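Take a look at the structure below.
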């Protein structure tokens, strides 16, 4: 989760790039959705752009429950019309999943309510929730005391291991402590460093732990040389792409509210960096995303 800023008309006018992208991290819940944006319309636009799945990410108990409810809504819509939206009736193969977690900004609120949401989801609706998070450390804003952030991060890593779920990690200005906590506890087998903002050195440290790296619109920003170098370094089987919608809209839409259709711009930028076609990068990142979250 990060701040920034879309209009549905922009999305409809964009050319449809390679098919097969998965947005590995977005926030489409009521709290985050830009005013006037309809979920079904946003998903229809994503499908038209070549997106074939997304992960809706929780940041506290309320937004985690909203993510679960949204995925249920999307799946019910698919059952009714055979697709994500009436005007885009294909893909029956569109994947939609949720995560449940406590963001480091919210760490002071404690984990009791989030744990309750997670436990009920795992018990009552297997397969709906695919990860714990986003959780981790944010030493840039320090909205929660650092010792509390560390304790909540450790606890959520343990939950991911207990429930055999992926762990979605937010790390900002906190690489040493992030790596140390993951290393000390033994990271869950499937750990995703969301919105990766480090350079090659940080990438190597995370990859050595067996983690996946998820790249956002930051990879398209002029000053993000280290992030681009990290994307070049990252093996394809550990590389994911995301929007972090509604935050961090990629170039050429930087400054607008982001949304899942624009994950294609992130993917195209990474493909160019790695000397691949967008089609090849879409296939590789979608495969890596499905592996990271253990979904088919």
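The values are calculated or read from the model by the stated rules, or taken from the named source; none is laboratory data. Note that this is a predicted model, so its numbers are computed, not measured. As a convention, Cβ positions derive from the backbone with ideal geometry for all residues, glycine included, and neighbour counts pool all protein chains shown.
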For this session: Being surrounded by 22 or more Cβ atoms within 10 Å (Cβ to Cβ) and in a helix (DSSP H, G or I) is the filter here, so list the residues in the stretch 244-268 that pass it.
Result: 260, 261, 262, 263, 264, 265, 266, 267
For this session: Could you please tell me which pairs satisfy a Cβ distance under 7 Å, a separation of 6+ or placement on different chains, a first residue in the stretch 158-175 that is over 14 Å from residue 101 (Cα atoms), and a second residue that is surrounded by fewer than 19 Cβ atoms within 10 Å (Cβ to Cβ)?
Result: 172/139; 172/140; 173/139; 173/140; 174/139
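For the stretch 121-150, enumerate the residues that are assigned to a strand (DSSP E or B) and on the phi > 0 side of the Ramachandran plot.
Quick first cut of the stretch 121-150, residues assigned to a strand (DSSP E or B) only: 129-138.
Listed by number, the residues that qualify are 133, 136.
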Exercise. What number of residues within the stretch 120-149 satisfy the criterion of being at pLDDT 95 or above, touching a strand residue (DSSP E or B) at 6+ places or on another chain (Cβ under 9 Å) and surrounded by fewer than 15 Cβ atoms within 10 Å (Cβ to Cβ)?
Worked result: 2
